[in-house]
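A.B. asks: Okay, here's the structure, questions in a sec.
Derivation of every value follows stated rules applied to the coordinates shown; laboratory data play no part. This is a predicted model, so every value here is computed, not measured. Counting neighbours? That spans all protein chains shown, and the Cβs are built from the backbone with ideal geometry, glycine included.
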Amino acid sequence: MKKVSSNKAYHVRLLFIFITVELLFAICIARAFQLQVLEGANLKTLAEKQHHGIITLSPDRGIIFDRNGNQLAVSTMTSSLYAHPTKISSKKKISRLIARILRPRHQSFYHFSRYIYKKLHRKSPFVWIVRHQDPQKIQKIMKMKIKGIGTIPEPKRFYPRVWLAAQCLGFCNIDGVGLDGIELKYDKYLRGKPVRLIVKRDARGNPIITKKQEAFASSITHNIFLTLDETIQHITEEELARAVVLHRAKSGMAVVMNPMTGEILAMANYPFFNPNRRPTDVASLSRRRNRAVTDFFEPGSMIKPFLAAAAIESGRYKGVERINCENGHFRVGHHTIHDVHPHKLLKLAEVIKYSSNIGAAKIGLSLGKETVYKIFRKFGFGQKTGIDLPGESPGVMQPLKSLPPIALATISFGQGIAVTALQLVTAISAIANGGDLMRPYIVEKIVGNKGVPILIHRPTRIRKVLTPQTAHLITSFMVGVTSDGGTGTRAAIEGFTVAGKTGTSQKPLMEGGKGYDPTKFIGSFIGFVPADDPRLAILVVIDEPKGIPYGGVVAAPAFRGIAFRSLQYLNVMPHIEKTPLVASLHPFPSSRKATPMKHKTNPLKNIKQPSAPEVIALPDFSGMSMRRVIRWGARHGVNLTLKGNGQAFRQSPKPGTPVPPGGRCSVWFTFPS
């Protein structure tokens, strides 16, 4: 009996153990099913977040060239410093060591070291300490062999000409993304594929960095060639800055266009800004705006040539009629229009030459608002030009239905209508080229990695605005502006016929109701040269000059400087003998091409103009910056061929060689080793 009961107890215990094991095994299978099947995806994601992360570095970008192949924007390799906070023990000491070497000039040592100290206290396997730094400074830190500190090479956008055409080029953020200008408009072409770094942990939980092989494959970027000419851009910026500083103005704009094609040769905004530096205040941010494209203003008397074109095209005026300018006072309803200098009877050409507001108002009222509105719209006012730059403004034109007589009268002399600098120079180019409104453009072509163009911009005619005969007649009127007795004599250039128009307008009150500020003006000048064979259409706008505000005083000399120096650079020869200004003009077809005037000798040396010395000896450019060399060449009228970047180390001809105005010199540059 005892044996039977002991066997029974044995089998019961064995069965209990078996059931327990099976139950535990079933629980393990169920748990494994839950972890691997039901929650597998979520757990995998959590594990990846704990064990590694992805860090994206700045992508490489294509090069931006001017029309002659000079580099305006490039990518250079810099060093970025990172840290593994968990591997750094003496964080306070390390923060101070790094701050002593990398502290920016505008920041105190205390604040910068605290900034680094806070980063080193983050609970992260990887943190950036500083990015895009001088490799030599980073090497000083790496020589200390600090545990947990490392460096990664990164490309950084660099503008070798500093502020040259900065508002047109735009700028990039720290991650290499275009934020304005050409950099923004063509970001998809310029930006390559970003480089990704994988941050992982080893078996002990220490962070390490590995690189994805495919991330470092050659990225596809494109290079962009602009219509800008580096030399003309520099000339324009220099003359504009001189005018703004001389007249203690708030700011200035200038645009230079090829009137035959619509190519932008220069577009300048002053004050300048350095796109290589990140802005630290609101004023710096405002300087980055390309005001020649984004801002609109009342053009003042610069609108009168377009009004005269409407008068001729309408058939109501032949140019010989005399307009009674009421001896300086003319009432329209309850308002009185004044002229600066009183006149009685003036021809249409004299209304333009002497810039009579009363004469313009009478012409506008006689034509009617439909005719005036139509011609202004044909010239492109009140609508975007379509230039390949971001942020373009259409300007302001009042609705036709709500245009009372006084508004029509004031619009006729440029008050009550707002335009952009780009619109004005595009419209004046239509007069210069014989009547074709051309679409302005600033990008000539986009080239792929193999040098094959993938996009080419060609001159595009938007519409026919004037007949060649009308354009010729308006040109003769504008030539009178720069001749004796005109308002723009300071824009005249000896040996050239200059067609131009001055503009002076009051600025509307910014605060408190309607009206204009009696203390704030805009002085401007627009024109083209040579008038009988236009090569350049130029606009200069000076905002809020102090003292005499008239465009013929503050803007015309800058126009003259830009025009003369640019024509000299382009080897456009002046007339040897003076000819009657209007008689020298001839009707021309709208399809003709501008060609330089040919002469056997160079008569420029006999003309007394600014920045045109006789013969000068070349200095030793060794060690000079490219900007300094360009300034010297522009100041002395020497055409420079610049190669490379950095500091000058070689030149041809040698230092001391005499060169005449318009002579050439090649200078090679390199970065110090």
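A.B. asks: Enumerate the calculated ³J(HN,Hα) couplings along segment 159-168 in order (Karplus 6.51 cos²θ - 1.76 cosθ + 1.60, θ = phi - 60°), each rounded to whole Hz, writing x wherever the residue is Gly or Pro.
C.D. replies: 3J(HN,Hα) across segment 159-168, in whole Hz: 10, x, 8, 6, 8, 4, 6, 4, 5, 6.
A.B. asks: I need the phi-derived Karplus couplings for segment 470-487: 6.51 cos²θ - 1.76 cosθ + 1.60, θ = phi - 60°, integer Hz, Gly and Pro marked x.
C.D. replies: 5, 4, 5, 5, 5, 4, 5, 4, 6, 5, x, 5, 9, 8, 3, x, x, 7
A.B. asks: Tell me which residues come under 5 Å, amide H to amide H, from Thr641 once H is placed; ignore anything under 5 positions away on its chain.
C.D. replies: Result for Thr641 returns Cys665, Ser666, Val667.
A.B. asks: In sequence order, what are the phi-derived ³J(HN,Hα) couplings for segment 260-277 according to the Karplus relation 6.51 cos²θ - 1.76 cosθ + 1.60 with θ = phi - 60°, rounded to whole Hz, with x for glycine and proline?
C.D. replies: 7, 10, x, 5, 7, 8, 7, 8, 10, 9, 10, x, 7, 8, 9, x, 6, 10
A.B. asks: Beyond a 24 Å Cα-Cα separation, which of these cross-linked pairs lie in this structure: Lys188/Lys250; Lys87/Lys140; Lys318/Lys369; Lys347/Lys464?
C.D. replies: Listed pairs above 24 Å: Lys188/Lys250; Lys347/Lys464.
A.B. asks: Further question on the same structure: About the Cα centre, and with charges only on the beta carbon of Lys, Arg (+1) and Asp, Glu (-1), how big is the dipole of segment 77-152? Nearest 20 debye, please.
C.D. replies: It comes to approximately 320 debye.
A.B. asks: Given Cβ point charges of +1 (Lys, Arg) and -1 (Asp, Glu) and nothing else, what value in debye, to the nearest 20, does the dipole of segment 616-670 about its Cα centre take?
C.D. replies: Once rounded to the nearest 20, the dipole reads 100 debye.
A.B. asks: If you don't mind, another one. I'd like the FRET efficiency for Ser89 and Asn276, computed as 1/(1 + (r/R0)^6) with the beta carbon distance as r and R0 of 45 Å, rounded to 0.05.
C.D. replies: 0.75
A.B. asks: A further question on this structure: For Gln107 and Thr467, what does the FRET efficiency come to when R0 = 51 Å and r is the distance between their Cβ atoms, rounded to the nearest 0.05?
C.D. replies: Here the calculated transfer efficiency is 0.20.
A.B. asks: Based on the Cβ-Cβ distance from Asn571 to Arg248, what FRET efficiency comes out when R0 is 56 Å, to the nearest 0.05?
C.D. replies: According to the calculation, E is roughly 0.95.
A.B. asks: A further question on this structure: Quote the Stokes-Einstein diffusion coefficient, in whole µm² s⁻¹, for segment 230-606, based on the Kirkwood radius over alpha carbon pairs, a temperature of 25 °C and a viscosity of 0.890 mPa s.
C.D. replies: Taking Rh from Cα pairs, D becomes 117 µm²/s.
A.B. asks: May I pose another question? Kindly provide the chymotrypsin sites (Phe, Trp or Tyr not before Pro) of segment 85-162 that DSSP labels as loop, not H, G, I, E or B, and whose Cβ sees at most 16 other Cβ atoms within 10 Å.
C.D. replies: Hits after loop and neighbour filter: nothing returned.
A.B. asks: Still on this model: Leu14 versus Thr460, label points 7 Å from Cα toward the beta carbon: distance in nm?
C.D. replies: Going from the Leu14 label point to the Thr460 one covers 9.4 nm.
A.B. asks: Which aspartates and glutamates, if any, have their Cα less than 14 Å from the Cα of Lys378, not counting same-chain residues under 8 positions apart?
C.D. replies: By straight Cα distance, Lys378 reaches Glu313, Glu370, Asp436.
A.B. asks: Same structure, new question: Of all alpha-carbon pairs in segment 616-670, indicate the percentage at a distance above 16 angstrom.
C.D. replies: The calculated P(r) of segment 616-670 puts 28 percent of pairs beyond 16 Å.
A.B. asks: Something else about it: May I ask you to compute the full-extension gain from Met77 to Arg289, defined as 0.36 nm times their residue separation minus their alpha-carbon distance, rounded to one decimal in nm?
C.D. replies: That works out to 73.6 nm of additional length.
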